[in-house]
1. Report, ordered by the first and then the second residue, all pairs with beta carbons closer than 6 Å, sequence separation of six or more or different chains, a first member in segment 126-142 that is closer than 15 Å to residue 218 by Cβ, and a second member that is in a helix (DSSP H, G or I) and among the aliphatic types (A, V, I, L, M).
2. Of the conditions (1) of a type in the set (Phe, Trp, Tyr); (2) within 19 Å of the chain's Cα centre (by Cα); (3) modelled with pLDDT under 95; (4) in a helix (DSSP H, G or I), residue 294 clears all except one; give me its number.
3. Just one of (1) open to solvent by less than 40 Å² (accessible area, probe 1.4 Å); (2) more than 25 Å from residue 52 (Cβ to Cβ); (3) in contact (Cβ under 8 Å) with a residue 40 or more places away in the chain trips up residue 269, so point out which.
4. Looking at segment 440-462, which of its residues are open to solvent by 40 Å² or more (accessible area, probe 1.4 Å), more than 12 Å from residue 481 (Cβ to Cβ) and in contact (Cβ under 8 Å) with a residue 24 or more places away in the chain?
5. Within segment 17-33, how many residues turn out to be modelled with pLDDT of 90 or more and out of contact with any helix residue (DSSP H, G or I) (no Cβ under 9 Å at 6 or more places or on another chain)?
6. Quick test of your reading of the structure: residue 316 fulfils all but one of (1) modelled with pLDDT of 90 or more; (2) out of contact with any helix residue (DSSP H, G or I) (no Cβ under 8 Å at 6 or more places or on another chain); (3) farther than 22 Å from residue 267 by Cα. Name the failing condition by number.
7. Is it the case that residue 295 is surrounded by 12 or more Cβ atoms within 10 Å (Cβ to Cβ), more than 20 Å from residue 31 (Cβ to Cβ) and not basic (Lys, Arg)?
8. Exactly one condition in (1) in contact (Cβ under 8 Å) with a residue 60 or more places away in the chain; (2) under 18 Å from residue 19 (Cβ atoms) is not met by residue 307; state its number.
Amino acid sequence: MTGPRRARRRAEPAWSPAQQARVTAFKAYAVTHPHLEVTGTALMQAMREPAGFAHVLLYGPTGVGNTTVLQRVTAAVTPLLAAGEPRTPGTAPGGGPRGLSPSQAPVATPLLVLEAHIPEGGTFNRGDYYRTALVQLGEPFYGETRFIDIQEGQSWETKTRGRGRGTPFNDTPHLRHAWEEAVARHGVRAVVIDEAQHLMHVAGGAKLLDQLDWLKSMSNTTGVVHVLVGPYDLLDFRNLSGQTARRGHDLHFPRYQFQQEADQIAFQRALRGLLEQVPLQMDLQDLLNHWYYFYERSIGGIGVLKDWLVRTLSATLYSGATPLTLEHLRAQALSNAQCERMASDATAAEHRLHYTESSREHLWSLLGMPGLPREQGGHAPQEQEPPSTVPSTRRPPRPRVPVGYRVPRRDPVGPSPQSPPAQKCPFAGEVALAPAQLRQAAVAKLQCPECSATRTARLRGDTVLFPAHPPRATQMTQDIARWIKHDSGWILSTLGK
C-alpha cells in the first residue's frame, strides 16, 4: 500500500513588510505638474479671500488628481487661514464660550475636510452632514441644559418617563444650530466637501437650487465658504439662477490634451517624474519612448496614471519579476472599453465647458451691446464709442471675404527682379527613420521640427530624406497621421487617422 499522495502546491512568494513599505512610499509621492499647480493656487486664493463667493465648485474628469490637490492645498492653506482668523477659537461671534464648558478648549480647525456619503434611500440627508462635521470637529455632543448624544439621542427625560430607549436626535434645526456654534468655536473658515456630487441626490419635491441655497444660507450665517469637489457631474450645479451664479466660483481641473504640444511636454515630464520614483530597475528611456501608450491608457489624467503605476509596482514586487517592463504595465492597464468610456465622458463635459463666440454674442444681445468687434487672439477689444443713431459720413466697412477666397487686388505683371529670393527652412536631409518603418505604419508624412511644415518623405535606397521646403507661414496644425520628432526620436502620431 502506498500512503496518501500529498497535493503539490506551488509556493507563492511572500509579501514582506519591506515590499509593502516600498509600495506605501511610492503611493505617498505626488508629482508636481502645471495643472496641479495652477488649480491649487486658484483654490488657495478662493479660500483665503472668497470675496462674496458662498461656494466654490472644483470639478474635472475622473482620476485627474482631485485628492492630490486637496492634500497639497490643505497642508499649504491651513496655517494661512489660521493666521488670518479674526475670531479667537472657543468663542462665538457674539461673545464668550457656548455649548461646552470653559475648561474644554476646542482645537482650532480653520479648514474642515469632509466627504459626502452616498445617501441611503437615494436622498441626501442634511442631518447626516451635520453629524459628520460635528464628529470631525470632536464634538459628538450638543450642549443645552443637558447633553444629547447626536448618534443615539437618549435624553434624560425619555429614560425617566419609562418610554423605552427614545428616538435618535434627528432634529435638523437643532443640529444645524449645534454645527454653527461648533464652527465658531473652532474658527472654521472653509469647509471642503469631497465627492460632492452626492449632494445632487435630492427628494422628488426638492431641486438642485435648494441645495445651493442651503449652502449660501450657512455661509451667510457663519462666514464659511464651502468648496465642493467632484467629477464633471458638478456641472449641473453651475448657474442655476442669477443669485447662485454671482455667489459661486468655478475651478476646472483639466486633463492634458494630446492636441496641445505644451500638454504633451507636461505629460511626458510628469510621467518621467513618476517613473523615476518607482523603486524598481527599468529601462527608463525605453518606457518614455512609449509615452503615447501611457497617455492612451490614462486619457491624460495624472491620477489615473499614478494608480496604474501603483498597481504595476505591487504586482511586480509580489511576483518577484524584475526589471519593470512595458509588458508588466500592459498587464495592469485599464481596458480599451474603460478608457473609451472615460474619454467619452470627459470629452462631452469639455465640449459643454467650451466657450464659444456665439454664446458671447448672445450675452451682448442681452446687455444691449450690438455691433461690438470680435476679440482677436483672446485679447480684450479696444475701447470704442457706443453706436450712434446719427448717420455717419464715413465710408461703410468692406464686407468680409469668406475664408479661402482672395481679397480683390491688382497683381503685378512681368518679372520682378527686385523680389528677394525665397527663404528655405534650415531643416532638410536625412532623418533617423528606416523605410521599413514607413511601410509598416503606412504613413510617409513627416513634420518639420523647425517650422512644423508637413512633407512626404523621399527614399534614397535605405535612407529616408526630408525634402527642402520653405518655412511654414501659418500656425494651423494639420490633423493627419504623421511622424513627429521628439528628444527620444521620431514618434508616429496617429491623431486624426
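The values are calculated or read from the model by the stated rules, or taken from the named source; none is laboratory data. From a predicted model like this one, the values you see are computed outputs, not experimental measurements. Heads up, the Cβs are rebuilt from the backbone with ideal geometry, glycines too, and the neighbour counts pull from every protein chain shown. In case anyone asks, the SASA skips ligands and DNA or RNA and just uses the protein heavy atoms, side chains included. Shrake-Rupley method; radii C 1.70, N 1.55, O 1.52, S 1.80 Å.
1. Pairs that qualify, where the first residue is closer than 15 Å to residue 218 by Cβ and the partner is in a helix (DSSP H, G or I) and among the aliphatic types (A, V, I, L, M), are 127/175; 130/175; 134/182; 137/182.
2. Unmet for residue 294, out of (1) of a type in the set (Phe, Trp, Tyr); (2) within 19 Å of the chain's Cα centre (by Cα); (3) modelled with pLDDT under 95; (4) in a helix (DSSP H, G or I): (3).
3. (1)
4. Within segment 440-462, 449, 450, 452, 459, 462 qualify.
5. 4
6. Going through the list (1) modelled with pLDDT of 90 or more; (2) out of contact with any helix residue (DSSP H, G or I) (no Cβ under 8 Å at 6 or more places or on another chain); (3) farther than 22 Å from residue 267 by Cα, residue 316 breaks only (2).
7. no
8. (2)
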